[in-house]
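In what follows, a structure is listed as structure tokens, so that the remarks can point back to it.
What follows draws every value from the coordinates through simple rules; no lab data is involved. If you're wondering where the values come from, they're calculated on a predicted model, not measured in any experiment. So basically every Cβ, Gly included, is an ideal-geometry build from the backbone, and we count neighbours across all protein chains shown.
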Amino acid sequence: MPRKNSTKPPEHVPSHLRLLADSIRLEAAQPLEGDKPPLRRFTMTAYTGGAMQLSGWRYPVVVDLAGLRVTRKARPILKDHNPSLIVGHTDEIAVGESLIEVSGVVSGAGAVAQEIIATSENGFPWQASIGATADKVIFVTEGRTAQANGREFAGPTYIARKSTLGEVSFVALGADDETWAQVAASANPSQVLEVMTMEFEQWATDNGLATDGLDEKNLAGLKAIFAKEQATPVAATTTATEPDLVARLRAETANELRRIDAIRKICAGEYPDIQAKAIEEGWDETKTELAILRASRPAAPAVVPARHDSLTASVMEAALCMAGKLPNVEEHFQEPVLQTAHERFHGRIGLQDLLLEAAWANGYTGRSFRSDMRGVLMAAFSTFSLPGILSNTANKFLLQAFNAVESNWRAIATVRSVTDFKQVTSYRLVADMMYEEIGPDGELKHGAVSQESFTNQAKTYGKMFSITRTDLINDDLGALTAVPSQLGRGAALKLNDIFWKAFLDNATFFAVGNKNYAAGTDTALSIDALTKAEQMFLDQTGPDGYPLAIVPEILLVPNALYAIAQQLMNATEIREDGNTTAKKYPTNNPHAGKFRVHRSSYLSNSLYTGNSTKAWYLLADPANMPVIEVAFLNGVESPTVESAEADFKNLGIQLRGVHDFGTSKQSWRGGVKLKGEA
């Protein structure tokens, strides 16, 4: 049996490997067919099969080349693992017993490919970093050895038995005498890589038990049997033969998997706590069925229902949110609160349950909501924090819906906090602070400071809703979940409405006189138009006539131009049709990746003055020079729900959603607008 050892792998390991080559050779250009220019070729030795000390891994790592999967011989060649920095592609990948050899052509047409060629000709020692995903990793503990790449490696060490080649990159890292590697952060942090110890893998292999293809739960069951074997090793004097041991292990594995499967079927996903305990403690089907029968029996009636000590306001809120299917409910409550809410209500609480629980907590002794609605309401609202529970629960559903509505206004606006509803004035200093030469007397001159002012004012917007007598009788939880969701959506729509009305009413804000507006057929969104807009922005000056020295960072477009804007920002080259003229056009895209693209459905909506499907804007980062501002009362950026006292005359519960904000345009120097048409 494998011996026990205290050396353990970490719980999680990265799933992406990037292996740095120890040599790259750039060859002479090879001619292509027709008029195409010749391409330079390269070859590289990527990996020599040894153990590597990697950043982020506790012990050395070996990549088993026998398990390296290459899906096709043509793989991308990039710079620094950036998909937008294209160098070329491979046309041959040779994976031997202890070496990876890669060759290909520098087929990229941009500046990056030319940089690689030029620097290589100057003798720069480029390295190659091969990106691969680690699909299966074993851990070799101290005192044991394992075979890979024709060598024997002693533990503690990791061996990546299976991996998949992704891409190859040129990286500017210093040359080393030996091949080495580093581990990059996973592109999908939620991915958890299963790491098996060498002892477990060897034990499974020796006993003919395949681990590939097993799901997480079945693999856990197999590991449980392995742990049991470790705890009670076979005595040296045993008379059991090796075939008998293999047969016994296989039978135990099959029986354990059948037991776990039977427990899952009995629980049917409705009793997760019982299911987990049954699997962990080795229950059989009969014991599991008895436990479920006891849990499903209705509780015996009591004269006065006692409220559990753990039934706090937070537990009630959690139970309501779970019953209302609030997305990501675990982000709003701690695990013990969610567990208590689940055990007490199992996701099936209604409005009547809520009111009765609150009434019982305040000493009410009745058993039926329908027989004494007024009494239940009076008791529920007397001392227990029912108004707070209602408000907090409704607020969570309101915020979920509020955040689901388009909020691209945040990308172009600056946000400020105000303390009341009075008109506030903010000032932006305009200073003559350019340094001047200091004379022999050493005297420094004072700078002159002036200011530009902008005003804003917060106002209140809101709606009221009621949980009516009908809702209470029908026990309609949707009144506490669906209605607030609609209020949240309504709040977001109102904020968008006020904001975009102010922004689009810009005929005097973006104007020829301000040198931040242009019209004409040459303003339609394109490479040339972007160049025109960028120059217009960069030519802006402050009140003192000096350049602003601020660069544009945001490209704001209506829906109709969003695809074009994305193409212009993501494409590394733009090809022109050369059939109608002998003129040669450059293919590099000078604006690739230069601006952040944002769109809004409001820009082209016919209900708003100034709407257009063709006009677009180039704006500064609002942190540097905002064109528009949104002010929130006391810095509260989202709407809130407030509860009112129960309306006993009408047997209803009233709540209201309110939102306090205001918006106003700021500096016209922070952006330019192009009409997109004549």
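Compute the distance in nm between two label points, each set 7 Å from the Cα along the Cα-to-Cβ direction, one at ASP505 and one at GLN334.
4.9
Place +1 on the Cβ of every Lys and Arg and -1 on the Cβ of every Asp and Glu in region 313-404, take the dipole about the Cα centre, and give the residue among MET373, GLY347, TRP360 whose Cα lies farthest towards its positive end.
Of the listed residues, the answer is MET373.
Suppose R0 equals 41 Å; then what is the FRET efficiency for ASP135 and ASP497 from their Cβ-Cβ distance, rounded to the nearest 0.05?
0.20
If Lys and Arg each add +1 and Asp and Glu each add -1, what is the summed charge of the other residues whose beta carbon sits under 12 Å from the beta carbon of HIS342?
-3
Once the mean 1/r over all distinct Cα pairs of region 62-162 is inverted, what Kirkwood radius in angstroms do you read off?
Taking the inverse mean of 1/r over all distinct Cα pairs, region 62-162 comes out at 15.7 Å.
Sticking with the crude label model, points 7 Å out along Cα→Cβ, report the distance from ARG410 to LYS422 in nm, one decimal please.
My value for the distance between the label points is 3.1 nm.
For region 617-628, what does the Karplus curve 6.51 cos²θ - 1.76 cosθ + 1.60, with θ = phi - 60°, yield as ³J(HN,Hα) per residue in whole Hz, taken in order and with x for Gly and Pro?
Working through the residues one at a time gives 9, 10, 10, 6, 4, x, 6, 8, 7, x, 8, 7 Hz.
Once you sort the root eigenvalues of the Cα gyration tensor of region 313-404 as a ≥ b ≥ c, which label holds: rounded (a/c under 1.5), prolate (a/b larger than b/c) or oblate (the other case)?
The shape class here is prolate.
Evaluate E = 1/(1 + (r/R0)^6) for VAL551 and ALA313, where r is the Cβ-Cβ distance and R0 equals 45 Å; express this FRET efficiency to the nearest 0.05.
0.30
Which residues in region 319-334 place their backbone N less than 12 Å from a point set 7 Å from the Cα of GLN486 along the Cα-to-Cβ direction?
Those under the cut-off are none; the list is empty.
Could you check the spin-label model distance between THR460 and ALA172? Points 7 Å from the Cα along Cα→Cβ, value in nm.
Placing both labels 7 Å along Cα→Cβ, they lie 5.9 nm apart.
Based on the mean of other beta carbon atoms within 10 Å per residue, what is the order of 491-499, 668-676, most packed first?
Answer by packing, highest mean first, reads 668-676, 491-499.
Just add up the charged neighbours of PHE537: K/R +1, D/E -1, any other residue whose Cβ is under 13 Å from the Cβ of PHE537.
Neighbour charge sum, excluding PHE537 itself: +1.
Would you tally the net charge around TRP616, using a Cβ to Cβ cut-off of less than 10 Å, leaving TRP616 out, and scoring K and R as +1, D and E as -1?
It works out to a net charge of +4.
Could you put SER163, SER604 in order, starting from the residue whose Cβ has the fewest other Cβ atoms within 10 Å?
Placing the least packed residue first, the sequence is SER604, SER163.
Take the cross-link list LYS463/LYS494; LYS532/LYS614; LYS422/LYS494; LYS265/LYS325 and give me the ones stretching past 18 Å between alpha-carbons.
Distance filter (> 18 Å) returns LYS422/LYS494; LYS265/LYS325.
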